[in-house]
Amino acid sequence: MRESPSPRDPERILHRLEWTVLRRLDGVLHGDYRTLFRGRGLDLADLREYQPGDDVRRIDWNVTARLNTPYVREYHEDRDLTAWFLLDLSASTDFGARMQKQAVATGFVTALARLLTRHGNRIGALVYGNRVETMIPARAGRRHVLHLLHKMVQRTEAPSRATKLGELLAGALPVLKHRSLVFVVSDFISQPGWEKPLAELARRHETIAVRISDPLESELPDVGIVSLEDPETGEQLFVDTHDPAFRRRYAAMAASGAAGMRESFAVAGVERLELSTEEPLLDALLRFARLRRRK
């Protein structure tokens, strides 16, 4: 079942997600919430030998040098958590064969924000259209989630220009004062230059790249001659999708681009979550839960 309520009514969107997604997610997590979201560590609890998969940022280099064996710090963790959503809602997210990428972003962010705030955590956001348009301070509560959702679905239309995702990531650096959990929600269709600020963000915060895609972006159907339009620049191009060689080239370029993105995420040191316009929201959240448990 696809969870896609009225795209312009924040209260209805949230209410339906609470009933169709969050209730079912609660039944799956069974109190496992703390394994998914952890607060900032403040007090050193212990040292132990490094194990594969540990965060290298927790290595105690002084102890490692003395014992000639890698050791990592363990902390007593606060119960509170601050999460930030860096939201790319540029024109390319309006695309989607069955569901727009923006609708996927809205559902994912709303469900996750409500899951966090129900446990007393705070959430904030930076919203990007063709510039950083809105900064929503980190607060808790259902009303605050509704405020965030309203900003997402009622965003103002602005003259289109090529997305510069680096502006959103760089703009977040001075805003996020304390170590936080950061979700970069985007299709990552952008001009180059976002990789460096993403890596800098990941050095300061626990960062997850949430990439949203549509199947038509990776493989074209055989439907004859069609007009393709860049939603950000307005440039149009006629292509013959009946040509199998063209479809193969298109798929190869898409695969190469996706592989390049994955490599950039790995180099930056961020976790990666792939969302599709054809995937039910609950399935996406369950994949996120499995990702967090493995970590």
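Are there any GluC sites (Glu not before Pro) in region 149-227 that are in a DSSP loop and have at most 10 other Cβ atoms within 10 Å? List them by number. Show your work: numbers first, answer last.
Details: sites: Glu157, Glu167, Glu195, Glu200, Glu206, Glu217, Glu219; in loops: Glu157, Glu219.
Listed in order of number, the matching sites are Glu157.
Using alpha-carbon positions, what is the distance between the centroids of region 108-127 and region 252-289, in Å?
If you average the Cα positions of each part, the centres end up 21 Å apart.
Kindly flag which residue pairs out of Lys151/Lys196; Lys101/Lys151; Lys101/Lys196 have an alpha-carbon separation exceeding 22 Å in this structure.
On the way: Lys151/Lys196 28 Å; Lys101/Lys151 16 Å; Lys101/Lys196 25 Å.
Check vs 22 Å cut-off fails for Lys151/Lys196; Lys101/Lys196.
Let me know the shape class of region 74-228, please: from the alpha-carbon gyration tensor, a ≥ b ≥ c as square roots of the eigenvalues, rounded when a/c is under 1.5, otherwise prolate if a/b is greater than b/c, or oblate.
Details: a/c = 1.93, a/b = 1.63, b/c = 1.18.
Prolate, because a/c is 1.5 or more and a/b exceeds b/c.
A short reminder: the numbers here are calculations on the coordinates, not readings from a lab. The model shown is predicted, which means the values in this text are computed figures rather than measured ones. Virtual Cβ from ideal backbone geometry, glycine too; neighbours counted across all protein chains shown.
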